[in-house]
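Here is the structure we will look at.
The values are calculated or read from the model by the stated rules, or taken from the named source; none is laboratory data. Being a predicted model, the structure only gives us computed values, none of them experimental. Here the Cβ positions follow ideal geometry from the backbone for every residue, glycine too, while neighbour counts run over all protein chains shown. Accessible surface areas use protein heavy atoms only, side chains included; no ligands, DNA or RNA. Shrake-Rupley method; radii C 1.70, N 1.55, O 1.52, S 1.80 Å.
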Amino acid sequence: MRIVMIGAGYVGLVSGACFSEFGHEVICVEKDPARRRALQAGLVPIFEPGLESVIAANVRAGRLSFADDLSAVARADAVFIAVGTPARRGDGHADLSYVFAAAKEIARHLDGYTVVVTKSTVPVGTGSQVHDVIRAARPDADFDVASNPEFLREGSAIEDFRRPDRVVVGCDSERAREVMREIYRPLFINETPILFTGRQSAELIKYASNAFLAAKITFINEVADLCEKVGADVQEVARGVGLDKRIGPKFLHAGPGFGGSCFPKDTLALLKSAQDHGVGARIVESVVAVNDERKLAMAGRIAAAFGGSLQGKTVAVLGLTFKPNTDDMRDAPSLAIVPALRAMGARVRAFDPEGMEQARKLMAVETCADAYQAMDGADGLVLLTEWNEFRALNMVRVGNLLRRKLIIDLRNVYAPEQMRAYGFDYVSIGRIPVAAAAKSVPQAIAAE
Ligand SMILES: NC(=O)c1ccc[n+]([C@@H]2O[C@H](COP(=O)([O-])OP(=O)(O)OC[C@H]3O[C@@H](n4cnc5c(N)ncnc54)[C@H](O)[C@@H]3O)[C@@H](O)[C@H]2O)c1
């Protein structure tokens, strides 16, 4: 199959590269000149584990290339729209201007039967609007519009694309279904279920899935707050709850509130859609409000651990991205927490393995060469994103570098008793804070 992918961001680039790996001929069209030039020069402009080698192999094999215009649409069997749909400033609706601009450009180049596929996350009804935009510009064109929402997670996007739980395709035409079946055929060998639905259902499946997952996170965050008051441990509670097969263990990790490129904007957009249609969406409304409050409350929680005031204190922050294994900073909790710490008088010294360049564009933050440099002489350490390299820090060294042996672990990465044994005051989420042990560090640990 010949595929054009419009937008070479996290979704377009991963999907385009993986489709080419399936054996299809893929041209990714990217209008950001810096991003496109990087791709054409063999560089990958985003951090996503494994992506670079998939791109390199398929470019070498002649199946994957990059362009700045849509002329390839004329020869394509399917054109995927994978442009951004950020929250619109002011009202929170999904901003569809990039989607409609792409639709207009596609219309100009259509030649022969083509399936136009929205892979971007778009509100219910957008597929019909895309259809109308193209039809108005090209009354003669032979095309169908399908919805094929993407469920990959940044950080494990390649694996998710190769082995998804399901592929959802919404369209009403058998001709379009046939093209989509052919595109995803390599996945059927892995027995991936492909779910054909109406276009509106497919559009809603994506929002409903994200809102459900966001609700799960928000739920366990509230349970964590209760745990702290009653002397329970949210890790134990989440495990006990998650072992119930009807619930499942995923997305039950208490933390500083969800962020990222999808959940915040998608919950908001679902809420707006419901409001537009006069339907109550009180659960989603609460999820959005509770999560926003939580991110802001985290700075107060940190200040409390420092004794109530951050004036003149130096805080070492580990992790800035919204989750590990990505450089994506969109709506990361750090964007709420770091400025709040600074506003309370703290000096913040931060380290993130991949996100510092993006972070510096979005907020004032002092960045360091590595985790240990960030904590050198700091009055306490805050773990904000659970990158693997922070899990195995040398805690003796950490203790020696920090002026006060204080760790605030907003991801529950460390074991409270072990931190106590190392002599740290240790504050985490949904677990009873532990004060440093009076006794000395055990022999085995001291020998590290
Ligand atoms: N990032 C994720 O994890 C994820 C997961 C599932 C779904 N989605 C959805 O996929 C969509 C894309 O998300 P993303 O994170 O890849 O966004 P992104 O901002 O990383 O990438 C979008 C790219 O499209 C390019 N673009 C915009 N208009 C264009 C045009 N007319 N022609 C060519 N290029 C154009 C932009 O320059 C940008 O590089 C969004 O709707 C998002 O909600 C994202």
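Taking Cα atoms only, the orientation of helix 263-276 departs from the longest principal axis of the chain by about 60 degrees. Taking Pro256, Pro33, Pro49 in turn, the Gaussian network model of the chain (Cα-Cα springs below 10 Å) assigns the largest fluctuation to Pro33.
Across the options Ala208, Leu268, Asn400, the greatest Cα extent toward the positive end of the charge dipole of the chain (unit charges at beta carbon of Lys, Arg, Asp, Glu) belongs to Asn400. Taking amide H as placed 1.01 Å from N in the peptide plane, Ala146 has its amide H under 5 Å from the amide H of Val116, Val117, Thr118, each at least 5 places away in sequence or on another chain.
Based on the alpha-carbon gyration tensor of the stretch 292-332 and its eigenvalue square roots a ≥ b ≥ c, which shape applies: rounded if a/c is under 1.5, prolate if not and a/b is larger than b/c, or oblate? Intermediate results must be reported in sequence, preceding the final value.
Values: a/c = 3.28, a/b = 1.75, b/c = 1.88.
Oblate, since a/c reaches 1.5 and b/c is not below a/b.
Site pair Asn190 and Asn400 shows an inter-label distance of 4.6 nm when each label is modelled 7 Å from Cα along Cα→Cβ. Label sites at Val290 and Ala41, each approximated as a point 7 angstrom past Cα along Cα to Cβ, lie 4.7 nm apart. Bridgeable aspartates and glutamates around Lys272 (alpha carbons under 17 Å apart, same-chain partners fewer than 8 residues away excluded): Asp91, Asp95, Glu203, Glu285, Asp292.
The candidates Ser428, Ser71, arranged from most to least accessible area with a 1.4 Å probe in the full protein assembly, appear as Ser71, Ser428. Based on the alpha-carbon gyration tensor of the stretch 153-216 and its eigenvalue square roots a ≥ b ≥ c, which shape applies: rounded if a/c is under 1.5, prolate if not and a/b is larger than b/c, or oblate? Oblate, because a/c is 1.5 or more while a/b does not exceed b/c. Amide H contacts for Ala350 (H built 1.01 Å from N in the peptide plane; partners 5 or more residues away or on another chain; cut-off under 5 Å): Val317, Glu366, Thr367, Cys368. Which angle between 0 and 90 degrees, to the nearest 10, do you get for helix 199-230 versus the longest principal axis of the chain when only C-alpha atoms count? The angle comes out near 10 degrees.
Shape analysis of the stretch 296-448 based on the Cα gyration tensor places the equivalent ellipsoid semi-axes at 24, 17, 14 Å, largest first.
Taking the 1.4 Å solvent-accessible surface of the stretch 85-231 as the whole, the part contributed by carbon and sulfur is 52%. Adding -39500 (n - 2.57) for every DSSP H run of four residues or longer, then dividing by how many residues the chain holds, sets the calculated 222 nm ellipticity at -13500 deg cm²/dmol.
Take peptides 195-207, 302-314 and line them up by average Cβ neighbours within 10 Å, highest first, as a rough protection proxy.
Numbers: 195-207: 19.3, 302-314: 16.5.
Final packing ranking: 195-207, 302-314.
Could you rank the peptides 141-152, 34-45, 397-408 by their average count of other C-beta atoms within 10 Å per residue, with the highest value first? Provide the component values of the computation, followed by the final result.
Numbers: 141-152: 21.2, 34-45: 14.9, 397-408: 18.2.
Descending mean neighbour count gives 141-152, 397-408, 34-45.
Calculated accessible area for the chain comes out at 44 Å² per residue, all protein chains present (probe 1.4 Å; ligands, DNA, RNA ignored). For the listed residue pairs Lys119/Lys323; Lys295/Lys323; Lys31/Lys323; Lys216/Lys265; Lys245/Lys323, the alpha carbons are over 20 angstrom apart in Lys119/Lys323; Lys31/Lys323; Lys245/Lys323. Residue separation of Arg108 and Val279 scaled by 0.36 nm, minus their Cα-Cα distance, works out to 57.8 nm of gained length.
Taking Val59, Val413 and ordering them by how much accessible surface each has at a 1.4 Å probe, largest first, produces Val59, Val413.
Would you work out what percent of the accessible area of the stretch 247-327, with all protein chains in place, is carbon or sulfur (probe 1.4 Å)?
Values: 1980 of 3380 Å².
Of the solvent-accessible surface of the stretch 247-327, carbon and sulfur hold 58 percent.
All other residues whose Cβ lies under 12 angstrom from that of Leu401 are scored, Lys and Arg at +1 and Asp and Glu at -1, for a net of +2.
With a cut-off of 13 Å between beta carbons, the residues surrounding Arg36 carry a summed charge of -1, where Lys and Arg count +1 and Asp and Glu -1.
In the chain, the longest principal axis of the Cα atoms and the axis of helix 51-60 are about 30 degrees apart. Label sites at Leu243 and Ser97, each approximated as a point 7 angstrom past Cα along Cα to Cβ, lie 5.3 nm apart. Determine the shape class of the stretch 12-79: with a ≥ b ≥ c the square roots of the Cα gyration tensor eigenvalues, call it rounded for a/c under 1.5, and otherwise prolate if a/b is greater than b/c, oblate otherwise. Note, shape of the stretch 12-79 comes out oblate.
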